[in-house]
1. Filter region 116-152 down to the residues that are part of a strand (DSSP E or B) and open to solvent by 30 Å² or more (accessible area, probe 1.4 Å) and list them by number.
2. Does V95 satisfy being within 15 Å of L158 (Cα to Cα) and under 13 Å from the mean Cα position of the chain (by Cα)?
3. Do we find a residue being of a type in the set (S, T, Y) and in contact with a Pro (Cβ under 6 Å, 6 or more places away or on another chain) anywhere in region 42-63?
4. Suppose the filter is at pLDDT 95 or above, open to solvent by less than 70 Å² (accessible area, probe 1.4 Å), under 18 Å from G61 (Cβ atoms) and not in a loop (DSSP other than H, G, I, E, B); does L157 pass it?
5. Could you list all residues from region 82-115 that are part of a helix (DSSP H, G or I) and within 9 Å of the ligand (Cβ to nearest atom)?
Amino acid sequence: MSVIKNNMRPERAIEFCGAITQYCAMFYDPALKNHGLPYNPFKAIVAPRPIGWVSTLDAEGRVNLAPYSYFNAFSDEPPIVGFSSTGYKDSVSNVAATGEFVCNMASLELFEKMSMTSAPLPHGVSEMGHAGLEPAPSRVVKPPRVAGIATAMECRLLSITELKNLEGETVNSFLVLGQVISVYIDDRFIKDGRLDTLAIKPLARLGYQDYAAVERIFSLARPAGAGDIKKVAAAE
Ligand SMILES: Cc1cc2nc3c(=O)[nH]c(=O)nc-3n(C[C@H](O)[C@H](O)[C@H](O)COP(=O)(O)O)c2cc1C
C-alpha cells in the first residue's frame with residue numbers, strides 16, 4: 001500500500017496488467033527536508049559511491065586511516081582524486097600539515113576492518129592498529145598504505161577548499177584534491193593485462209548503513225563518433 005504525502009503529485013497513470021494504475025512521485029526541498037521519509041535519502045540517491053580509504057600522517061608522524069565515500073577521481077591526465085570531509089576531521093588537518101595522503105582501495109575482504117577505522121578515536125591513536133591492520137611503506141610519499149590492499153594511490157595535495165552554499169556561506173565541508181604521483185597494484189589482481197575488478201570486489205557506499213561490492217560486470221563499447229571534444233575538433 002502506498003501512502004500519498006502532501007508533497008507527492010500523481011505523476012502518470014499507466015495501464016498495468018489490464019488495470020489503470022496511478023503512479024506517484026515527489027519533489028522535496030533539501031533545505032526544508034520535507035521528504036516525509038524517516039531518513040534523508042540523499043546519500044542513497046548518489047549511490048554507489050566508491051570509498052577512498054585515506055591514510056595520512058599527522059605533524060608528529062603518527063598514522064591515521066579513515067574511509068571517505070565522498071570520494072572520486074576528477075581527472076586522468078594527470079590523475080587527480082579527492083575526498084570531502086564533513087567537518088575539519090583529522091584526515092584533512094593531516095593533509096594540510098604534511099601535503100600528502102594515500103587512497104587505499106577498500107574491498108569486500110577488508111569490509112569490517114574498513115568500518116572499524118571510521119571509529120572516532122582520540123587524535124594520535126592509529127585506526128590501523130585499532131582495526132588489526134598493518135602499514136606498508138609507500139614508494140614516494142610518507143603516509144603508508146594498508147598492507148594487503150589491492151591498489152593504493154599516493155597523492156600530493158593540490159588544494160583544500162571549504163565548500164560554500166548559494167548564499168556564499170561556508171558549510172563546514174572540506175574538499176581535498178590531490179594529484180596521484182605513484183600507484184600501487186598487487187600483481188594478484190592483474191589478469192590478462194587488466195585490473196581484475198571481480199577478484200578485488202571493491203566496496204561502495206550506498207545510503208543508510210548499506211554497502212555494495214562489485215560482483216557482476218558487463219561491458220559496452222562507446223558508440224562510434226562519441227569521442228571527446230578534442231578528438232572531434234581534431235577531425236574537423
Ligand atoms: C564507509 C564510510 C564512508 C565515510 N565517508 C565519509 C565522508 O565521505 N566524509 C566524512 O566526513 N566522513 C565520512 N565517514 C566518517 C569518517 O570515516 C569518520 O568520521 C572518521 O572518524 C574520520 O576520521 P579522521 O578524523 O581520522 O579523518 C565515512 C565512514 C564510513 C564507514
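The values are calculated or read from the model by the stated rules, or taken from the named source; none is laboratory data. Since the structure is predicted, the reported quantities are computational estimates derived from the model, not experimental observations. Cβ sites come from the backbone with ideal geometry, for glycine too, and all protein chains shown count toward neighbours. What goes into the accessible areas is simple: the full protein's heavy atoms, side chains included, and nothing from ligands, DNA or RNA. Shrake-Rupley method; radii C 1.70, N 1.55, O 1.52, S 1.80 Å.
1. Those that are part of a strand (DSSP E or B) and open to solvent by 30 Å² or more (accessible area, probe 1.4 Å): P135, R145.
2. Considered against the rule, which asks whether it is within 15 Å of L158 (Cα to Cα) and under 13 Å from the mean Cα position of the chain (by Cα), V95 comes out as no.
3. yes
4. Answer is yes for this residue.
5. Listed by number, the residues that qualify are D90, S91, V92, S93, N94, M114, S115.
Rundown of residues vs (1) part of a loop (DSSP other than H, G, I, E, B); (2) within 16 Å of the ligand (Cβ to nearest atom); (3) open to solvent by 80 Å² or more (accessible area, probe 1.4 Å), yes/no style:
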| site | (1), (2), (3) |
| --- | --- |
| A25 | no, no, no |
| D29 | yes, no, no |
| N40 | yes, yes, yes |
| W53 | no, yes, no |
| A66 | no, yes, no |
| A73 | no, yes, no |
| I80 | no, no, no |
